[in-house]
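Q: First, the structure itself, so that you have it in front of you.
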Amino acid sequence: MTLIEIVIVVVIIAIGASGLSFSLGALTRTHLKSAAAKLSAASRYAYNRAIIRGKTVRISFNVPGNEFSIEEAHGSVTLARADDERRTMADEEGQEVVAADPWQAAASRIDEALKPSLGGSPFAPLKGTDGSALKRYQKVSLGRRVQLVRLIVAHRPEPLEEGSGAVHFFPGGMGEHAVIHLSDGSSSVFSLEIFPLTGRTRVYPEAYEPRHLLGDPEDPEYGEVDE
């Protein structure tokens, strides 16, 4: 083979490799876009259901995790910051309590006045008109290889990167301002921002971090949940 032939072969191989890399990257972005679309639809549904039913609804998931569920509160809800010392009692699944029934919280304080507690979680799976759980809203997969890797939300002073998380929507037409990061295990990250007044979302093809969501930089103890 002449030097020119060798150069041509190398160029062809390089073009083929770059084309394959581009195709895989496009496929990855497709998976992330599809997962973001599922969460966007879930956000709008949860927001509307909270208004129509007059109940607090949440999208819950584990971080990291590939699934999410939509749940509904069977009573009124008190939302506490993640660093609230009263979050000492666990819910039925053994996870820390963020949202609690205020009546249960009051009862627990009467029973154990010296032990700070929020009581149990009031959330349960969505139910149909016949009272049975709606399975299509439970453990909804985000798709192949896609993972929820980070949650930025007002009731947490720091982003959640491991553990159970949730985004809440309230009966009065108000939700939590939140940002969810999605990853395919590589360097690609998509961000889904959920707006509190409408339940609508915006997708960013990057790891978007709205610093104001985490609190006032001049007052580390303050966050949107305090409003």
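Quick note: the coordinates plus some simple rules give every number you see, no bench work behind them. Note that the coordinates shown come from a computational prediction; the quantities given were computed from them, not determined experimentally. Here the Cβ positions follow ideal geometry from the backbone for every residue, glycine too, while neighbour counts run over all protein chains shown.
Q: Set the Förster distance to 22 Å, then compute FRET efficiency between Ala133 and Arg53 from the Cβ-Cβ distance, nearest 0.05.
A: Efficiency computed from Cβ-Cβ geometry: 0.90.
Q: Please report His168, His181, His31, His74 as a ranked list, fewest other C-beta atoms within 10 angstrom at the top and most at the bottom. Don't skip to the end; give the middle numbers.
A: Numbers: His168 27, His181 23, His31 18, His74 13.
Exposure proxy ranking, most exposed first: His74, His31, His181, His168.
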